[in-house]
1. Just for segment A:50-82: of the residues that are within 11 Å of chain B (Cβ to nearest Cβ) and free of Cβ contacts under 8 Å to residues at least 12 places away in the same chain, which one is nearest to A:Leu14 (Cα to Cα)?
2. Say whether the condition of being surrounded by fewer than 11 Cβ atoms within 10 Å (Cβ to Cβ) and among the charged types (D, E, K, R) is met by at least one residue in segment A:210-219.
3. I need the full set of residues from segment A:106-125 which are within 7 Å of chain B (Cβ to nearest Cβ) and in a loop (DSSP other than H, G, I, E, B), in order please.
4. How about segment A:125-140: which of its residues are in contact with a helix residue (DSSP H, G or I) (Cβ under 9 Å, 6 or more places away or on another chain), surrounded by fewer than 16 Cβ atoms within 10 Å (Cβ to Cβ) and among the hydrophobic types (A, V, I, L, M, F, W, C)?
5. In segment A:153-171, which residues are surrounded by 19 or more Cβ atoms within 10 Å (Cβ to Cβ), more than 10 Å from chain B (Cβ to nearest Cβ) and either in contact with a His (Cβ under 6 Å, 6 or more places away or on another chain) or assigned to a helix (DSSP H, G or I) (or both)?
6. Against the definition (at pLDDT below 90 and either surrounded by 13 or more Cβ atoms within 10 Å (Cβ to Cβ) or not aliphatic (A, V, I, L, M) (or both)), how does B:Gln61 come out, yes or no?
7. Which one is surrounded by the most Cβ atoms within 10 Å (Cβ to Cβ) among residues in segment B:40-56 that are closer than 14 Å to B:Ile24 by Cβ and more than 7 Å from every other protein chain (Cβ to nearest Cβ)?
8. For segment B:29-88, which fully contained helices (runs of 4 or more DSSP H) count at least 2 residues that are farther than 30 Å from A:Glu53 by Cβ?
Amino acid sequence: MDKAREESLSLEKLRNGDRAEFAQLMDKYSGIIYRLSLKMVENPQDAEDVLQETFIKAFRGLPRFDGRSSLSTWLYRIAVNESLMHLRRRKQPALSIDQPLETEDDQQEPTQIVDFCCMPEKELMSFEAQLYMDKAVESLQPNLKAVFLLRDIEGLSTEETADALNLSQMAVKTRLSRARMKLRNLLSEYYGERMAKDKIKKEQITLNRAVAKVEGLSQ
Amino acid sequence: MMEIDHLRDKKHCGDLLSNLSEFIDGTLQEELCEKIQEHMDSCENCRVVVDSLRKTIYLYQVTSPEPAVPEAVRERLYRRLDLEQFLK
C-alpha cells in the first residue's frame, strides 16, 4: 500500500518545494501519521500538534531528504520524535527512544494462562474492551510503544522500524517481544475477569432454575 | 484462570518464550519452528500463550483502521502550512 502511495508522488517536485505536490503528500499520509500520533500521545489536541509539526518539519526537511528511507518511514521517524517531545514536556518517564531499557536482556514473561481466544469476537471487541486495549497501549513505556505501533499497527518491517527509530534490528525485536507480551498479559487479566464473571452469572442462573424447579415440585 | 510461576523453569517452555515473537511472525528458522511446534503439542500452557499472543496482535490490528483525519483538524493542518488553496 505504501509503495502505491509513494509511487504517485514526485520526489523531485517535493524536494523543489512544489506546494501542490506537498498537499498530495499530506493527503496520502496524514491519516497514518494522525493514527500513530493519537496512540503515541494519547489525546487529540497533542496528536493534532504532532500532526502539524510533522508536516512542517517534513516540508522544511524535504530538500535534504536523501531517499535512503522511504517517505513513509521518514515521516514516521519525524512523528515519533515529535510525539516523544510532547511526552517529555508532560514529564513522563522513559522519554528517549534510544534510552536503554532497565532490563534490556530480560524477556517479558507470561503472567497468566487465560485461554480467551474462544470468547466471541463481539465481546473481545466490545466498546469497553477497546477502551481497555487503548489503556493497555498507553501503559507501555514510550520506547516499547513506538516499536509496537510501527511494527504491528503500521505494518513496518523490522528493518524499516529500526531505520525509523534509529535502533538496531535486534533492539526492535527485543522491544517488540516485550511490548506484545505485556499487552497479552494485560488483555489476559481483563478477559480472564470477564470470563470469570460470565461463569458466575451462568452458575447463578442454573442455580436459580434448579431452586425454582424444586420449589415448584414441593408446592 | 491459572497463575504460572513455573513456566520459565521448564527448559522447553523457556526456549519457546525466548523465540515466541519471531515464531509468531514466521521469521524463525525452520528447525526451531518445528521444535516449538512439537513442544506446543504436548504443553497446554504454551499453546495458550501462543494463541493468546496471536489473538492480542490480531485484536489490535482489526480495531485500528486508518482514521479519516477529522475535517476541522485537516483544515487547520492545511492552514498552518499555508496550503488552504489545495483543500479539496
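The values are calculated or read from the model by the stated rules, or taken from the named source; none is laboratory data. Nothing here was measured: the structure is a model prediction, and the numbers come from that model. Quick reminder, even Gly has a Cβ in these numbers, built from the backbone with ideal geometry, and neighbours come from all protein chains shown.
1. A:Arg60
2. Yes, there is a match, as at least one residue in segment A:210-219 is surrounded by fewer than 11 Cβ atoms within 10 Å (Cβ to Cβ) and among the charged types (D, E, K, R).
3. A:Gln107, A:Glu109, A:Pro110, A:Val114, A:Asp115, A:Met125 - these are the residues of segment A:106-125 that are within 7 Å of chain B (Cβ to nearest Cβ) and in a loop (DSSP other than H, G, I, E, B).
4. A:Met125
5. Residues satisfying the conditions are A:Glu160, A:Thr161, A:Ala162, A:Asp163, A:Ala164, A:Leu165, A:Ala171.
6. Numbers: at pLDDT below 90: no; either surrounded by 13 or more Cβ atoms within 10 Å (Cβ to Cβ) or not aliphatic (A, V, I, L, M) (or both): yes.
Here the answer is no, as B:Gln61 does not meet what is asked.
7. Filtering segment B:40-56 for residues that are closer than 14 Å to B:Ile24 by Cβ and more than 7 Å from every other protein chain (Cβ to nearest Cβ), the one surrounded by the most Cβ atoms within 10 Å (Cβ to Cβ) comes out as B:Cys46.
8. Details: elements: B:30-42, B:44-62, B:71-80.
Correct list: B:30-42, B:44-62.
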